[in-house]
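The values are calculated or read from the model by the stated rules, or taken from the named source; none is laboratory data. Nothing here was measured: the structure is a model prediction, and the numbers come from that model. Cβ coordinates were reconstructed from backbone atoms using ideal geometry, including for glycine residues, and neighbour counts include every protein chain displayed. Each accessible area value is taken on the protein alone, full model and side chains, heavy atoms only, with ligands, DNA and RNA left out. Shrake-Rupley method; radii C 1.70, N 1.55, O 1.52, S 1.80 Å.
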Amino acid sequence: MAAPMELFCWSGGWGLPSVDLDSLAVLTYARFTGAPLKVHKISNPWRSPSGTLPALRTSHGEVISVPHKIITHLRKEKFNADYDLSARQGADTLAFVSLLEEKLLPVLIHTFWIDAKNYVEVTRKWYAEAMPFPLNFFLPGRMQRQHMERLQLLCGEHRPEHEEELEKELYQDARECLTLLSQRLGSQKFFFGDAPASLDAFVFSYLALLLQVKLPSGKLQAHLRGLHNLCAYCTHILSLYFPWDGAEVPPPRQTPVSPETEEEPYRRRTQVLSVLAGLAAMVGYALLSGIVSVQRATPARTPGTGALGMAEGDEEE
């Protein structure tokens, strides 16, 4: 029997099943298709088989770490959310995914990783609290530099004095993109009717991050919240496909079986404390029941003081 496919992705937060754009897109696509994945939600990318997140380990042991390639592999395994799409709908999917990457991705990177207030109070705070020591001291800063480099690749090099003008242009393009998505969705449940497709997985991952997170500087958030059909669209997908993952209060976690999980140190600490508490209880019982006695050395007494000495010994027990 072949080993199950395993998906490694960033853990959830902010009321979402994952805080990472790419992880959220892959998770959503997998839920749409019902792909039988063993999902590992982690906050340490070094525990991924590729060293990055998301990553898919196939049933044959191959590791895939690019979101589009992960989805392509799931399609090859007959988990295809686009199976019933026409040729024109397939072309529309490619066009809208390109639009998202060109118009929304730069603003999403800017919102979470470049905007100083959002980065300090939201992004860095979450990653620093979620990551294990000592990664939480340096990895968020490294991730920020990587996102800065990615933004430069998307937008090109700009001189510092032109940054404010570039920011206005980026946010204007993003607002127009959101409006276009709202018009294309209309009153439908999903972009191509009553059944979700891969385009819905990508659109949802972008919109949900912007919509769910409480940002101190939410320039694009206000515009998105004014597009009520997009807000209802995100809420519908969260409630239907992530009834627990998207909840503010997640269900109790099961005790992990594998010692590889992140909660292993806490489980060991609990076990040690339980053993110590048990030992303390046993010693206390032995002292109180007289099984064990503690006597202190006393100076030699005259025979007439024997009774007094025994009484003192009884009090010491």
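More than 17 Å apart: what percent of Cα pairs in region 29-113 qualify?
Working: 2183 of 3570 pairs.
Percent of Cα pairs beyond 17 Å in region 29-113: 61.
How long are the semi-axes of the equivalent ellipsoid of region 87-242, defined as square roots of 5 times the Cα gyration tensor eigenvalues? Whole Å, largest first.
Semi-axis lengths for region 87-242 are 28, 20, 15 Å.
Compute the length gained on full extension between Trp244 and Lys69: take 0.36 nm times their separation in residues and subtract their Cα-Cα distance, giving the result in nm to one decimal. Working shown, then result.
Numbers: separation 175, 0.36 × 175 = 63.00 nm, distance 2.72 nm.
Gain in length upon complete extension: 60.3 nm.
Which value, in Å², gives the accessible area per residue of region 87-242 when a 1.4 Å probe is used on the protein heavy atoms?
Numbers: 8000 Å² over 156 residues.
On a per-residue basis, region 87-242 sits at 51 Å².
Please identify the GluC sites (Glu not before Pro) of region 1-99 that satisfy two criteria: DSSP loop assignment and at most 11 other Cβ atoms within 10 Å. Which are they?
On the way: sites: Glu6, Glu62, Glu77; in loops: Glu62, Glu77.
Listed in order of number, the matching sites are Glu62.
Do any trypsin sites (Lys or Arg not before Pro) in region 77-142 lie in a loop, going by DSSP, with at most 15 other beta-carbon atoms within 10 Å of their beta carbon, and if so which? Before the final figure, lay out the partial values.
Details: sites: Lys78, Arg88, Lys103, Lys117, Arg124, Lys125, Arg142; in loops: Lys78.
Of the trypsin sites (Lys or Arg not before Pro), the ones in loops of region 77-142 whose Cβ has at most 15 other Cβ atoms within 10 Å are Lys78.
Residue by residue through region 130-136, what is 3J(HN,Hα) from phi via Karplus (6.51 cos²θ - 1.76 cosθ + 1.60, θ = phi - 60°)? Round to whole Hz and write x for glycine and proline.
7, 6, x, 6, x, 4, 5
Within the set Lys117/Lys168; Lys41/Lys78; Lys168/Lys219; Lys41/Lys76, which residue pairs have Cα atoms separated by over 19 Å? Don't skip to the end; give the middle numbers.
Values: Lys117/Lys168 17 Å; Lys41/Lys78 24 Å; Lys168/Lys219 10 Å; Lys41/Lys76 24 Å.
Violating the 19 Å Cα-Cα cut-off are Lys41/Lys78; Lys41/Lys76.
What do you reckon, how do Met148, Met143 stack up by accessible area (1.4 Å probe), largest on top?
Working: Met148 80, Met143 20 Å².
Greatest to least solvent exposure: Met148, Met143.
Using Cα centres only, tell me the gap between region 192-226 and region 71-101 in whole Å.
Cα centroid of region 192-226 versus Cα centroid of region 71-101: 19 Å apart.
Give me the three principal axis extents of region 99-173 from the C-alpha atoms, as integers in angstrom, largest value leading.
38, 23, 20
Can you give the FRET efficiency for Gln172 and Phe137, using 1/(1 + (r/R0)^6), R0 = 45 Å, r = Cβ-Cβ distance, to the nearest 0.05? Kindly include the intermediate steps, with their values, before the conclusion.
Details: r = 37 Å, r/R0 = 0.83.
Computed FRET efficiency for Gln172 and Phe137 comes out at 0.75.
Using each residue's phi in region 108-124, evaluate 6.51 cos²θ - 1.76 cosθ + 1.60 at θ = phi - 60° and report the 3J(HN,Hα) Karplus result to the nearest Hz, with x for Gly and Pro.
5, 4, 5, 5, 8, 10, 9, 4, 4, 5, 5, 5, 6, 8, 10, 5, 4
Once you have the Cα-Cα distance between Ala195 and Glu6, take 0.36 nm times their residue separation minus that, and quote the gain in nm to one decimal.
65.5 nm
Need the full-extension length gain, Ser187 to Ala116, defined as separation in residues times 0.36 nm minus the C-alpha distance. One decimal, nm. Mind showing how you got there, number by number?
Details: separation 71, 0.36 × 71 = 25.56 nm, distance 3.67 nm.
Working it through step by step, the gained length comes to 21.9 nm.
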